[in-house]
1. Specify the longest stretch of the chain that does not include any exposed loop site, a site being one of the GluC sites (Glu not before Pro) with a non-H, G, I, E, B DSSP assignment and at most 15 other Cβ atoms within 10 Å.
2. Rg/Rh for segment 375-511 to two decimals, with Rh computed the Kirkwood way over all alpha-carbon pairs.
3. Using modelled backbone amide H atoms (1.01 Å from N, in-plane), which distant-in-sequence or interchain residues come within less than 5 Å of R586's amide H?
4. As a test of the formula, what do you get for the chain when each DSSP H run with n ≥ 4 contributes -39,500 (n - 2.57) and the sum is divided by the residue count, at 222 nm and rounded to the nearest 500 deg cm²/dmol?
5. How many Å³ per residue does the convex hull of the Cα positions in segment 226-328 occupy?
6. Compute the FRET efficiency between H110 and K627 as 1/(1 + (r/R0)^6), taking r as their Cβ-Cβ distance and R0 = 60 Å, and round to the nearest 0.05.
7. Which residues does the label zone of A214 cover in segment 107-147, counting backbone N under 15 Å from a point 7 Å along Cα→Cβ?
8. For a bin width of 20 Å, list the pair-distance distribution of the chain built from all Cα-Cα distances, rounded to whole %.
Amino acid sequence: MIRTKIRWMLALSLAAIPTMGWAGAPSLHVDATHKVFRIDAGDITYAMGVNDDGALQTLYWGGRLQAGDPLGPATLPKSRSSFDPDGANTPQEYAGWGGPITIAPDLKVHFADGNRDLVLRYDSYRIDKDTLIVTLRDAKAGVLVDLTYRADADTGILGRSAHIVNRSGQALIVDSAAAASWNLPPASDYSLRYLTGTWASEWHLRTRPITPGATVLESRRGSTGDQNNPWFAIAHGDAWNESHGRVWFGALAWSGSWSIRIDQDVLNQVRVTGGFNPFDFGYRLQPGQSLDTPVFYAGYTDQGIGEASRLLHRFELTRVLPQAPAPRLRPVLYNSWEATEFKVNESDQERLAEKAAALGVERFVIDDGWFGARDSDHAGLGDWTVNRQKFPNGLKPLIDKVHGLGMSFGLWVEPEMVNPDSDLYRRHPDWVLHFDGRQRSEGRHQLVLNLAREDVRQYVFDVLDTLLSQNDIQFLKWDYNRNWSEPGWPQVAAEDQQKVYVTYVRHLYDILHRLRQKHPGVEIESCSGGGARVDLGIMSLTDEVWPSDNTDPSDRLSIQDGFSYAYAPGVMMSWVTGSPNWVNNRQSSLDFRFLSSMQGGLGIGAKILEWTPAEQATARQYIAAYKDIRATVQQGRLYRLLSPGEQVPYSATESVAGDGRQTVLFAFLRQGHEASDYPTIYLQGLDASARYRWRSIHGKPVAGTPAQASGAYWMNHGIDLLLHDDLDAAGLVFERVGS
Ligand code: GLA
């Protein structure tokens, strides 16, 4: 999934090969005598070794060590009592459920005869280009697992996954399969940060102590979901912050039901196990068949959660996104959803397109309503042909118009769904997830097509391929507006039905992959009623995501802040919409709305035909200003200077361009205070000795603020802004003076 030019360095003994001198490339040392593997990448070292039991266990995961520093040999945690015998608590890299183990297993299987014992032991290793593969095996059971390790030299982020092979000569069922477990250094004072939310209120950061027992983050919904996002960060105590603290963090690349469980065992060992959600899981492997897990990525920094986010952002931009390592900047888009909802037609859309182009918009997108009998959310999904009442001449005249105005053209689709009131469903009622003879629960009047079926996979690909072949389209907003229910697949044998959890998602990825290959000029946005399908799996096949249907610019400050812990601003779309906002009736100025949306990929979703000349002029200015700073905002280093919170009316972010020449500061005040001034803002990440001059996009600092000063001044003395009123905002650009 990751395109990378990184190299491994292989040595047969620790002493023989120095680690240093390989900056820029990850290195791998294999100490064959002690059976110790050591990976150095970025600022991290990761080590594992084979113990006397033959189990592969984690030895170290943390800051970069020096060459030759002693690691290993791996030793078994000692038995404490008959309840914790030798081997029960070994922090295994990938544990089969079997033998005496009490730690969370990574793999559990059962055979037809009832045998469920699986003891995975080190077998061998090999190196395939940039990937270390360590093979574990239960020879007697006939199960083999290839563990893969791939490190990113730049960020030190490690990707791990497992390839499970049935060599037993008989069928077996995989009851649960993790991608990997990450073992942290033992401690009893860890705390966990994670993301939670719900529709229109996604991306809330929460903290909780890690205590003996388990914490489970998960989705049982068939897709990623927004109740939890598959991301975690762990550090000691609860005092860690943006720039302080040793932080272990990770994200799972999977867009189906998933789980990340964090266990603290009796030895205070903390283990993070992530992969397919074991709930309702079951994957039959015939002799010779195999199962690949998703990739579980993780990293480490000793510079707080701010740096953890920046490492993830950089990793996403340079390793994960389809256009990595140099993703194109997000164009300024217009989307007609909030302006017209389902009432789309050629002439209205043309008028909107003209207005949008005049404002400086670069991409024009028609949302829902252009196809089939789609006048509301009750009908039409599945029938992806242009509605001839709304577009009598097809989409071509509008597309030509949009192109003539200098914009690219995009379309909303929701290809995995069908309304029962559709021609597709009338033709193929058996194409949806369902159990025979049982209720088919609807969500937004729609059912989920079973993409695991070959015919459905082919249909969905063909429909989209035809749409993209017949129309000159540059962008798809790919929506997904409900959870699974009754996830039956009655057309296959009972023992294979639960494969739907894996096969559906793999087929979704396959469709996206093939569409991208065949239509390389098309960009795709992942939307799921907002931010319910954002993860590193879907991100490797899409160019941007829609974090939330909530477009209130004040609510958005929290949503965008939460989003940024795990995901890069360069994929986060954010629209300026109407005031008062439909979500909460809140009124806000156009300035506030623009500045809030400029924290990510800027879009407009307002009724722009109703904007006054003054509003249009304001919008034109902001769009022009945005184009000048978007490379910095989308792909620069993000510093969350002040995070918004329920009791915190302030928020401020700073983005520093990759070359350090430009820095963009956004500051917001949700609720004004007569008695208190806005807190002093201390910039970060500047060159202390360089000089920086500021200019305003909107708002200004207090009188007496120098026109230019050193990086040290802006970072240590700080800057005071004139922000006093409810929903006040400022945007300043700092340019480095000279070269
Ligand atoms: C979902 C999306 C919205 C919009 C509607 C259209 O709710 O999140 O942005 O596209 O569907 O029906």
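The values are calculated or read from the model by the stated rules, or taken from the named source; none is laboratory data. Every value quoted in this text rests on a predicted model; they were computed, and no experiment measured them. Using ideal geometry, Cβ is built from the backbone for each residue, glycine included, and neighbour counts are taken over all protein chains shown. Side chains included, ligands, DNA and RNA excluded: accessible areas come from the protein's heavy atoms. Shrake-Rupley method; radii C 1.70, N 1.55, O 1.52, S 1.80 Å.
1. In short, 1-340.
2. A ratio of 1.02.
3. Result for R586 returns N581.
4. Calculated mean residue ellipticity at 222 nm is -5500 deg cm²/dmol.
5. 168
6. Efficiency, from the Cβ-Cβ distance: 0.55.
7. The answer is 107-109.
8. All Cα pairs, binned at 20 Å, distribute as 17, 48, 31, 5, 0 percent.
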